[in-house]
1. Just to confirm a number: summing +1 for Lys and Arg and -1 for Asp and Glu over residues other than B:Asp42 whose beta-carbon lies under 14 angstrom from that of B:Asp42, what do you get?
2. Would you compute, for the Cα atoms of the range A:69-129, the largest minus smallest coordinate along each principal axis and list the three values in descending order, in whole Å?
3. Scanning chain A for trypsin sites (Lys or Arg not before Pro) in DSSP loops with at most 14 other Cβ atoms within 10 Å, what's the longest stretch left with none?
4. Suppose a student asked you for the relative contact order of chain B, using Cα pairs under 8 Å spaced at least 6 residues apart; what percent would you report?
5. With a 1.4 Å probe and every protein chain kept in, tell me what percent of the accessible surface of the range A:74-191 is carbon plus sulfur.
6. Run the simple label-point estimate for A:Lys71 and B:Ser101 please: 7 Å along Cα→C-beta, distance reported in nm.
7. Bin width 20 Å, origin at 0, all Cα-Cα pairs of the protein assembly as shown: what percent of pairs per bin?
8. Under a GNM of chain B (C-alpha, springs under 10 Å), which listed residue has the highest mean-square fluctuation: B:Gly45, B:Gly115, B:Gly22?
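The values are calculated or read from the model by the stated rules, or taken from the named source; none is laboratory data. As the structure is a prediction and not an experimental result, all values here were calculated from the model. Glycine gets a Cβ as well: all are built from the backbone with ideal geometry, and neighbour counts include every protein chain shown. Note: areas computed on protein heavy atoms with side chains; ligands, DNA, RNA excluded. Shrake-Rupley method; radii C 1.70, N 1.55, O 1.52, S 1.80 Å.
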Protein chains: 2
Amino acid sequence: NVPPSTSVEQQPPCQTAAQWEGRASEWDHVQGRNNRFLISFDGVGLRKRVIEEKKSFMPGRRFYEYLMEYKTNTMYTINMNLQTCTVSQLKQPWQNHTIPSDATLEDEYEMGDPGSGLHVQEWSDRLPARRSESWIGIYTPKTENGGCWPVVEVFTDDTTDPPVSLTTRFFDITPGIKNMSVFVPPSFCPPSDDFEPPITNQY
Amino acid sequence: NVPPSTSVEQQPPCQTAAQWEGRASEWDHVQGRNNRFLISFDGVGLRKRVIEEKKSFMPGRRFYEYLMEYKTNTMYTINMNLQTCTVSQLKQPWQNHTIPSDATLEDEYEMGDPGSGLHVQEWSDRLPARRSESWIGIYTPKTENGGCWPVVEVFTDDTTDPPVSLTTRFFDITPGIKNMSVFVPPSFCPPSDDFEPPITNQY
């Protein structure tokens with residue numbers, strides 16, 4: 001537990017592996033709903049592939065796949081049931097799912113059962129005495145072989161329209177990308193247009 | 001991992017211990033800010049004692065203590081620096097920090113480092129085909145000696161004014177209450193008035 005009032009030299013945050021896959025459950029505070037998805041994250045090529053599970057009110061479940069290319073500012077939206085695909089400009093702010101190098105270490109603690117829980121560090125983008133937080137990241141500590149995995153992230157951005165306010169729980173993470181072809185748009189997708197990259201902070 | 005589309009007989013949720021203490025970090029989506037606090041929870045007497053840590057923009061930290069009595073619908077707000085106390089009607093909806101008995105099991109997964117993380121269950125108050133979720137609880141599974149501890153809770157209530165939308169991370173939990181006197185209002189608090197209990201659902 002870090003007593004925030006002590007003048008401890010701030011340790012630099014650990015760095016998460018650049019490529020990984022996993023699952024997430026995300027509460028969207030603006031929409032007031034929860035989304036669950038599989039994610040393949042490529043922090044090298046700045047691409048994300050998300051397969052979203054939608055619990056339908058009618059029998060049968062619908063699956064949507066989203067392919068996000070930050071470098072080309074392109075989003076492919078794929079209806080997996082109908083095998084259709086649309087291409088659009090990437091409008092969501094890019095979440096890098098890493099701890100910013102200038103983040104503030106807020107706390108360290110144990111989640112779960114007392115004595116046998118998960119040790120994590122909570123970081124934020126709060127600037128003490130200057131700016132309150134708009135991003136909070138709970139990550140495991142760095143270990144010899146890895147660690148520094150995201151556990152929970154609060155991500156907000158009120159510069160976009162509509163604003164973004166998400167709390168994401170990450171889980172079932174595996175390092176690396178099993179098959180890089182997941183980032184290749186399906187053949188039935190139209191070619192992408194040239195989209196201007198957004199002028200937003202990359203988190 | 002629970003495939004939600006299979007017709008598995010829903011297991012009843014585990015029950016969290018009625019009394020415990022711990023710490024929490026809570027993102028308030030309505031206010032757009034994060035609050036950190038110590039909590040002593042009495043699910044028997046329906047009382048909560050919260051010591052909130054406020055990171056001040058000016059040097060020096062301010063501490064506020066809140067004593068919430070659901071049975072009498074009373075809230076004591078104590079400024080710990082000034083040793084002052086006000087009494088008011090409890091307006092926030094009561095969070096019971098347990099899994100409702102009719103909750104839907106959404107998923108089971110491992111948070112943290114692959115292979116050495118924390119196994120949890122994610123529950124919600126979603127009624128399949130009828131109502132989307134307004135509460136999500138991530139809890140550890142029941143164990144012989146305990147378990148069933150809250151890890152993350154998304155709690156929303158749009159019947160109140162202003163509405164409530166919180167994501168709370170619980171940690172450093174210890175079973176039981178070390179000293180029951182934490183629920184006794186300080187002597188410098190005025191006596192409480194008679195407040196009508198609220199007509200809201202008890203979560």
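1. +3
2. 49, 34, 16 Å, listed from the longest principal axis down.
3. Between exposed loop sites, the widest span is A:1-60.
4. Over chain B, the number comes to 25 percent.
5. 52
6. About 5.7 nm separates the two model spin labels.
7. Cα pair-distance distribution for the protein assembly as shown, in percent: 25, 57, 17, 1.
8. Checking each option, the largest mean-square fluctuation is seen for B:Gly115.
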